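What follows is one structure encoded as structure tokens, with my remarks underneath.
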Amino acid sequence: MSRIQMFEEPVSWQKGRELTRAVYRLSRNGEFARDYALRDQIHRACISITSNIAEGFERGGDKEFIQFLSQAKGSCGETRSQLYVALDERYISATEFDEIKGVALEASRSIAGMIGYLTRSEMRETNTATNTDDFGSWTLDQ
């Protein structure tokens, strides 16, 4: 069991950050850069992943954290859906699509794992997912 003390530590946040960097890199050139609606929406969706993980973590309660993790997972799906549009419009190659989709799926699976862990700990009616020290740390099995 490891103790997570900062929102930047979970793999799900790190994968969300990696996904955001890749989306920004791919969307800054060519036709993708000029499709303002798609570009802006996919930016908002991928930014929402790390933002919701961070905000939920900082709230300090399991139920709220689960709610924010659910939003983050939904944003992973939204990002993947928009990647299909970018692929269909030939803004990105099939290779780029497969690579970035893989990162989005990794982030989504990791978030689902965190949700499952927190839900199970809540069902046992123990608060093993949180540590009540002054630092508001989280303890998760990894």
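Values computed for the structure shown
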{"quantity": "Test: residue in the range 127-137 that is among the charged types (D, E, K, R) and modelled with pLDDT of 95 or more", "calculated": "no"}
{"quantity": "In the range 92-126, residue nearest to R59 (Cα to Cα) [restricted to those that are modelled with pLDDT of 90 or more and assigned to a loop (DSSP other than H, G, I, E, B)]", "calculated": "I92"}
{"quantity": "Candidate set from the range 10-56 (those that are acidic (D, E) and over 20 Å from G102 (Cα atoms)); member that is surrounded by the fewest Cβ atoms within 10 Å (Cβ to Cβ)", "calculated": "D40"}
{"quantity": "Close pairs (8 angstrom Cβ cut-off, 6 or more residues apart or separate chains): in contact (Cβ under 8 Å) with a residue 12 or more places away in the chain and within 11 Å of F32 (Cα to Cα) in the range 81-99, polar (S, T, N, Q) and surrounded by 13 or more Cβ atoms within 10 Å (Cβ to Cβ) anywhere", "calculated": "A86/S27; Y91/S27"}
{"quantity": "Residue check, T20 without any contact (Cβ under 8 Å) to a residue 60 or more places away in the chain, closer than 15 Å to S108 by Cα and in contact with a Lys or Arg (Cβ under 9 Å, 6 or more places away or on another chain)", "calculated": "no"}
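The values are calculated or read from the model by the stated rules, or taken from the named source; none is laboratory data. This one's a predicted model, so the numbers in the text were calculated from it and none came from an experiment. Heads up, the Cβs are rebuilt from the backbone with ideal geometry, glycines too, and the neighbour counts pull from every protein chain shown.
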